[in-house]
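Structure record follows, encoded as structure tokens.
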Amino acid sequence: MSLDHHHDEHGDKLLGSDDFQQARREMRRVLWRPGLRADTQVSITRRIFIHRALLGGTAAAAATAGWLPRINTMDMAFAQEAGPPSTFRFAWISDTHLYPKEVNTRFVEKAVRAVNDVKAMDPPPDFLIFGGDLAQLGDPVELKLGAEIINELDVRKVFIPGEHDWYLDMGKTWNELFGTSPWTFDHKGVRFIGLDTVSRAMDFWTARNMTPTERMAAMATLDGALGGAWAGLGREQLDFLDRTLSDWGTDRPVVIFSHNPLYEYYPPWNFWVRDWREVHEIVKPYTKITNIHGHTHQVLYNEIGAMRSIGMLATSWPWPYAPEGVPKLTRPMLRVDPGDPFDGVGWGQITFNADNQHVEHEYMMWRKDILATSQVDSGTGDNPTTFLSPRPDGR
Ligand SMILES: [Fe+2]
Ligand SMILES: [Fe+2]
């Protein structure tokens, strides 16, 4: 079979040939073993989506309580720190999906625009986190182009990889250019942790004698899902997370960066990590914990226990919402204008506010008025007839 007809993430050929369907079935049989499959019996993820603040009143009261109209500014409540806390900001850019310049300059222009926006922040951010999918097909040319663009920024930079950066040379170029993950650092009273959710995929390509290019193409599909449910942390990183948190007070703020969301939103697109249950076991005692992730390319918000998850915008293109599993707390973007490459995309600006002990996230969308305003549009309400709906177990 030929894979190269199916690697376009825009999805126009994803459901093409019988070959492809056949390969998908085969992959699913091999990779989606019990325990790795999305567990339809689990209801905890959906039931506890509803934040206490929302439980304080009716749904209508929730709509006027503040967070719905102000979704651009996510507040993450942080603890009182020992010593005077100080206000700081940091920036997130991810999912630039760069092709070599001679193939496609559109994504280059948008990455440059994001970098220029961050450059213009005043005061400047304390650091930039790049959240993965810098490249489109893991090509060293793409990764080096990305490094060039990002290195224009004269601030501290930290990096976590995306699957598009990894599966041509299994992270070799990425690690050389941007260092290895996981990592951690403390900054002004906040513990930051960067995880690698992409490199622990199960090896299906060796048995199929795939070339590195074919392997990368398989991993670069979204709904193609030839790569199976690849996203995960693996035992080593779960241990790392556990160790890293063990000497940190459970009431102190923690921010975890990951490319994929650390919960189960929609496994067929790897909008999850397969070991998310273990992650939640580890973070359970912590009361001020926030996961900031890429990969989903959309406005996205969720809470499970005390952990808040914020999905960040891509600079490249917005993904549609998954057909099911959209967290109830999400206020989705509307369909974007396909004629406007700057629609539905952007970057993220996060502020730790010393006065109110909050971190506020702002979606830096290049077009601002694309958030859904009614339940019918958002599809994440309880109306089962809407196109987007919570997964059945979460209704
Ligand atoms: Fe991406
Ligand atoms: Fe990704």
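Under the rule of at least 5 residues apart or a separate chain, name every residue whose amide H is placed under 5 Å from the amide H of ASN291.
Here ILE256, ARG308, SER309, ILE310 satisfy the definition.
Taking amide H positions as placed in the peptide plane 1.01 Å from N, state which residues far from LYS157 in sequence (5 or more) or on other chains have amide H under 5 Å from it.
Counting only residues 5 or more places away or on other chains, the set is LEU128.
Amide H neighbours of ARG331 under 5 Å, at least 5 residues apart or on other chains, H built in the peptide plane: list them.
Here TYR301 satisfy the definition.
Tell me which GluC sites (Glu not before Pro) from the range 276-317 have a DSSP coil assignment and no more than 11 other beta carbons within 10 Å of their own. Walk me through the numbers before you get to the answer.
Details: sites: GLU278, GLU281, GLU303; in loops: none.
Answer in residue order: no site qualifies.
Test of the criteria: in the range 130-233, which GluC sites (Glu not before Pro) are in a DSSP loop and have at most 13 other Cβ atoms within 10 angstrom of their Cβ? Walk me through the numbers on the way to the answer.
On the way: sites: GLU142, GLU148, GLU152, GLU163, GLU176, GLU214; in loops: GLU152.
Passing sites in the range 130-233 are GLU152.
Which of the residue pairs LYS288/LYS328; LYS172/LYS284; LYS110/LYS172; LYS188/LYS328; LYS188/LYS284; LYS101/LYS172 have a Cα-Cα distance greater than 28 Å in the structure shown?
Pairs exceeding the cut-off: LYS172/LYS284; LYS188/LYS328.
Rounded, prolate or oblate: which fits the range 219-267 when a ≥ b ≥ c are the square roots of the eigenvalues of the alpha-carbon gyration tensor, with rounded for a/c under 1.5 and prolate only if a/b beats b/c?
The shape class here is prolate.
With a point put 7 Å past each Cα toward its Cβ, work out how far GLU236 is from GLN22 in nm, to one decimal.
Reported label-point gap for GLU236 and GLN22 is 3.7 nm.
Would you kindly derive the ³J(HN,Hα) couplings of the range 226-237 from the backbone phi angles with the Karplus curve 6.51 cos²θ - 1.76 cosθ + 1.60 (θ = phi - 60°), listing them in order in whole Hz, with x for Gly and Pro?
With coefficients 6.51, -1.76 and 1.60, one gets 4, x, x, 8, 7, 5, x, 9, x, 4, 4, 6 Hz.
For THR244, what charge total do you get from the other residues with a beta carbon under 11 Å from its beta carbon, if Lys and Arg give +1 and Asp and Glu give -1? List each step's numbers first, then the result.
Values: positive: ARG191, ARG243; negative: ASP186, ASP239, ASP242, ASP247.
That works out to -2.
Since every read-out is calculated from the coordinates, none of them should be taken as a lab result. Model, not experiment: these values are computed from the prediction. A quick note on method: Cβ atoms are made from the backbone with ideal geometry, for glycine too, and the neighbour counts reach across all protein chains shown.
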